[in-house]
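*Asks:* Can you keep this structure in mind? I'll have questions shortly.
The values are calculated or read from the model by the stated rules, or taken from the named source; none is laboratory data. A quick note: this is a predicted structure, and the numbers were derived from the prediction, not measured. Neighbour counts run over all protein chains shown; Cβ positions are idealised from the backbone, glycine included. Surface accessibility is based on the protein's heavy atoms, side chains included, excluding ligands, DNA and RNA. Shrake-Rupley method; radii C 1.70, N 1.55, O 1.52, S 1.80 Å.
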Amino acid sequence: MRKKFRLPDLGLVIGGSLVGLVLICGVFAPWIAPYHPNDQELLYILAPPVWADGGSAAHLFGTDSLGRDTLSRMIYGARTAMTVAAVASLGAMLLGAFFAHLAGYFGGWVDWIISRTVEVWLSFPPVVLSMLLITGLGIGIDKVILAIVLVDWTRFCRVLRSEVQVARGQDYVAFARLIGFSHLRVIMKEILPATLPMLITLLSLQMGISVVVEAILSFVAMGVPSDVPAWGQMIADARIDMYGAPWGLALPIAAIFVTVLSFNLFGDGLRRTLDPRHAANRGT
């Protein structure tokens, strides 16, 4: 019998393509960017982009108040954003998944302690808590990553805990325990594969959140150092000249918007593709 042809999920394709484009810009920034992001040309301060009156092909997106090429800084800013998004989200996922599987599988007092800890941690506004952690840790991309991990692991823990509880109640888990599997083996071989689709989806969505948090911290000068290009830092620098040179403000905001939107589309597409219920509905 012929297999029924299924079109790929549109959100997955569009989101994945945009994420791939931003990732390529970040990885190959030294070869793609036309200038070094910190090179200053004082004769070309606040030069308009190429599509505006007075624009030049030498600076396609114009320059900022110090004569630095906006396109180059945006490309290098993609490297900062993707580094934070990938590493911080992976760290938050590992930490949150660890406690979620402990709480959901063992239940009882283990579940009570972890659940109460998550509830207390979630009572603090995430951005404010990140700023407090940065104040104590110091400025730097590694500090931003650590702050996001310490704040956002609760997102994974709270959602995955219920998934683990559902998987724990399945017959194949009870059978694994009946034939003598250890707790660690049951979690790794039986529980984790059942929660992996949700885990991957949450990871992609968390990457978009990490981009926004990094931009906020950089905007208030609590993120990366001043010599490291970041989209939030570009917004902070451009707000002084936002009426005379609005492109300096609009372009990094557009970069953040497109990147976060691409992660959201990619995450929703992954959820629809990996979830057996959605796959069954698509097949009918």
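*Asks:* Taking the condition of being surrounded by fewer than 17 Cβ atoms within 10 Å (Cβ to Cβ) and either small (Gly, Ala, Ser) or assigned to a loop (DSSP other than H, G, I, E, B) (or both), how many residues in the stretch 139-182 meet it?
*Replies:* Here the count works out to 9.
*Asks:* Looking only at the stretch 96-129, count how many residues are within 15 Å of Ile209 (Cβ to Cβ) and at pLDDT 90 or above.
*Replies:* Of the residues in the stretch 96-129, 1 are within 15 Å of Ile209 (Cβ to Cβ) and at pLDDT 90 or above.
*Asks:* Pairs please, first residue from the stretch 102-131 and among the acidic types (Asp, Glu), second anywhere and outside any loop (DSSP other than H, G, I, E, B), Cβ atoms under 7 Å, 6+ apart in sequence or on different chains.
*Replies:* Close Cβ pairs (under 7 Å, with a partner that is outside any loop (DSSP other than H, G, I, E, B)) amount to Asp111/Ala103.
*Asks:* Would you please name the residue that is nearest to the chain's Cα centre (by Cα), looking only at residues in the stretch 52-77 that are among the acidic types (Asp, Glu) and open to solvent by 10 Å² or more (accessible area, probe 1.4 Å)?
*Replies:* The qualifying residue nearest to the chain's Cα centre (by Cα) is Asp64.
*Asks:* Another question, if that's okay. Can you tell me which of (1) out of contact with any Leu (no Cβ under 9 Å at 6 or more places or on another chain); (2) touching a residue at least 24 places away in the same chain (Cβ under 8 Å); (3) over 22 Å from Leu203 (Cβ atoms) is the one Ser56 doesn't meet?
*Replies:* So Ser56 meets the others, but not (2).
*Asks:* Which of the residues spanning the stretch 114-130 are buried (at least 17 other Cβ atoms within 10 Å of the Cβ) and either in contact with a Cys (Cβ under 6 Å, 6 or more places away or on another chain) or under 21 Å from Pro225 (Cα atoms) (or both)?
*Replies:* Val118, Leu129, Ser130
*Asks:* Let me ask something else about it. Scanning for something among the β-branched types (Val, Ile, Thr), in contact (Cβ under 8 Å) with a residue 40 or more places away in the chain, assigned to a helix (DSSP H, G or I) and open to solvent by 40 Å² or more (accessible area, probe 1.4 Å), does the stretch 184-192 turn up at least one residue? Talk me through it step by step, then tell me what you get.
*Replies:* Applying the first criterion (among the β-branched types (Val, Ile, Thr)) to the stretch 184-192 yields 186-187, 191.
Narrowing the set further to residues that are in contact (Cβ under 8 Å) with a residue 40 or more places away in the chain leaves 186-187, 191.
Within this subset, residues satisfying the condition of being assigned to a helix (DSSP H, G or I) are 186-187, 191.
Then drop every residue that is not open to solvent by 40 Å² or more (accessible area, probe 1.4 Å), which leaves none.
Among the residues of the stretch 184-192, not one is among the β-branched types (Val, Ile, Thr), in contact (Cβ under 8 Å) with a residue 40 or more places away in the chain, assigned to a helix (DSSP H, G or I) and open to solvent by 40 Å² or more (accessible area, probe 1.4 Å), which makes the answer no.
*Asks:* Mind listing whichever residues of the stretch 121-138 are in a helix (DSSP H, G or I) and more than 12 Å from Arg158 (Cα to Cα)? Full working, then the answer.
*Replies:* Initially, the stretch 121-138 is screened for residues in a helix (DSSP H, G or I), giving 121-122, 126-137.
Pro126, Val127, Val128, Leu129, Ser130, Met131, Leu132, Leu133, Ile134, Thr135, Gly136, Leu137 - these are the residues of the stretch 121-138 that are in a helix (DSSP H, G or I) and more than 12 Å from Arg158 (Cα to Cα).
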